[in-house]
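Pasting in a structure now, in C-alpha cells, and then I'll have a few things to ask.
The values are calculated or read from the model by the stated rules, or taken from the named source; none is laboratory data. All figures in this text were calculated on a predicted structure; none of them were measured in a lab. In this analysis, Cβ positions are derived from the backbone assuming ideal geometry, glycine residues included, and neighbour counts consider all displayed protein chains. Only protein heavy atoms, including side chains, enter the accessible area calculation; ligands, DNA and RNA are left aside. Shrake-Rupley method; radii C 1.70, N 1.55, O 1.52, S 1.80 Å.
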Amino acid sequence: MRTLIKAEIKMNIIAHRGYSAKYPENTLIAFQEAAKLDVWGVEFDVHLTKDNQLVVIHDEKINRTSNGKGFVKDMTLEELQAFDFGAWFAPEFAGQQIPTLAEVLTVFKNEHHQINIEIKSDIFEYPGIEALIANEIHAFNLEDRVIISSFNHESIARFQQIMPNVETALLFASLVLNLEEYIGLFGCDAIHIPYHHGMRSIIQQAIKNGVTVRAYTVNNAKIARQMEALGVDAVFSDVVEIG
Ligand code: G3P
Ligand code: MG
C-alpha cells in the first residue's frame with residue numbers, strides 16, 4: 001500500500017502526468033522524480049505522431065506545454081523533439097523534450113509503480129495506436145504492471161482484443177445509466193472517474209459490488225480523505241506529497 005507522504009491516508013496515490021505539480025507535466029524529469037516517490041502508480045497520456053511514434057503529452061496540440069505550435073499528429077517525432085517542453089513551466093527546466101512511450105517505460109521498468117497509460121484517442125482516433133502500445137508493453141515485459149485507460153471506449157475494446165491479459169479501465173468524464181451493465185460489456189477491471197462523482201449513488205453501488213474506482217484529480221488531503229471514506233481505491237494527484 002502506497003500512501004500520501006504527509007497525510008495519514010492509506011489509499012493508493014497515482015502521480016498524475018508524473019510529478020506534475022513540481023515538474024513540467026509528462027516530461028522525463030517529472031517521471032524521474034515521480035519514480036523516486038513511494039506512490040502506488042503513475043499516469044500519463046499517449047498520442048501518435050505523423051510518423052507513427054508514440055509520444056507522451058496531454059493535449060492534441062503542443063501549444064500549451066512547449067515553445068511550439070501545432071498538432072502532434074501533423075509532426076514527426078524528430079520535428080517534435082526540436083521543441084522545448086520544460087521552459088514554459090519554469091526556466092530551470094529548459095531543454096526537456098517530448099518523451100516517447102519507450103523513454104517513459106524505461107524510467108519505470110525497474111521500479112515498483114503501476115503504470116497507467118491513458119490512450120488519448122478521444123479526439124483523433126490514431127488508427128493502430130492500440131497495437132503499437134501493446135507492442136511496447138510486450139517489449140518491456142510490463143504486462144503485469146500496466147493499466148490501460150481511455151475516454152474512447154472503442155480504443156479499450158480494441159486494446160483488449162490485442163492484449164487481453166493487461167488490466168484495462170474505462171475513463172468517464174460523466175456517468176452513464178446502467179453503469180455496471182455497461183462496465184460488464186467490456187469486462188473491465190476498474191473505472192476512472194472525476195472525484196466529485198465519488199459520492200453518487202451509482203458509484204457507491206458499484207463499489208459495493210466490487211468495482212474498483214479510481215478518482216481524478218485530487219490535490220488536497222481533505223478530498224483524499226473523503227475519497228478514502230467513500231471506498232475509492234486510488235486517487236490521481238498532481239501534488240502527490242499533499243498533507
Ligand atoms: O486518467 C485520469 C486523468 O488523467 C484523465 O483526465 O484530462 O488529466 O487526462 P486528463
Ligand atoms: Mg490523463
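Among the listed pairs Lys10/Lys222; Lys50/Lys120; Lys36/Lys222; Lys120/Lys222, which have their C-alpha atoms separated by more than 22 angstrom in this model? Numbers along the way, then the final one.
Working: Lys10/Lys222 13 Å; Lys50/Lys120 15 Å; Lys36/Lys222 24 Å; Lys120/Lys222 30 Å.
Where the Cα-Cα span goes over 22 Å, the pairs concerned are Lys36/Lys222; Lys120/Lys222.
A follow-up question, please. On a full-extension model of 0.36 nm per residue, what is the gain between Gln32 and Thr106, subtracting their alpha-carbon distance, rounded to one decimal in nm?
Taking 0.36 nm per residue and subtracting the Cα distance, the gain is 25.6 nm.
For the range 127-243, what does the alpha-carbon gyration tensor say about shape, rounded, prolate or oblate, given a ≥ b ≥ c as the root eigenvalues, a/c under 1.5 as rounded, and a/b over b/c as prolate? Each step should come with its number before you reach the end.
Values: a/c = 2.27, a/b = 1.43, b/c = 1.59.
Since a/c reaches 1.5 but b/c is at least a/b, the shape of the range 127-243 is classed as oblate.
Here's something else I'd like to know. So, in nm, how far is label Lys73 from label Ala94 when the simple model puts each one 7 Å beyond its Cα toward the Cβ?
3.4 nm
Same structure, new question: What is the diffusion coefficient of the chain in µm²/s, taking the Kirkwood radius over Cα pairs and the Stokes-Einstein relation at 20 °C with a viscosity of 1.002 mPa s?
Result for D is 118 µm²/s.
With every protein chain in place, what's the accessible area of Lys36 (1.4 Å probe, Å², nearest 10)?
150 Å²
Over the chain, average the accessible area per residue using a 1.4 Å probe and give it in Å², no decimals.
Details: 10610 Å² over 243 residues.
It amounts to 44 Å² per residue over the chain.
How about the range 77-119: which GluC sites (Glu not before Pro) there are in a DSSP loop, with at most 10 other Cβ atoms within 10 Å of their Cβ?
none
On a full-extension model of 0.36 nm per residue, what is the gain between Glu180 and Leu142, subtracting their alpha-carbon distance, rounded to one decimal in nm?
On the way: separation 38, 0.36 × 38 = 13.68 nm, distance 2.83 nm.
Stretched fully, the Glu180-Leu142 segment lengthens by 10.9 nm.
Using unit Cβ charges (K, R positive; D, E negative) and no other charged atoms, how large, in debye to the nearest 20, is the dipole of the chain about its Cα centre? Provide the component values of the computation, followed by the final result.
Numbers: 20 positive and 32 negative charges, 139 e Å.
I would put it at about 660 debye.
Evaluate the charge dipole of the range 42-98 about its Cα centre and quote only its size in Debye, nearest 20, assuming +1 on the Cβ of each Lys and Arg and -1 on the Cβ of each Asp and Glu.
Values: 5 positive and 10 negative charges, 32 e Å.
Computed about the Cα centre, the dipole is about 160 debye.
Calculated from DSSP H runs of 4 or more alone, at -39500 (n - 2.57) each and per residue, what is the 222 nm mean residue ellipticity of the chain, nearest 500? Intermediate values should be presented prior to the final figure.
Numbers: 8 runs with 67 residues, N = 243.
When only DSSP H runs of four or more count, the value is -7500 deg cm²/dmol.
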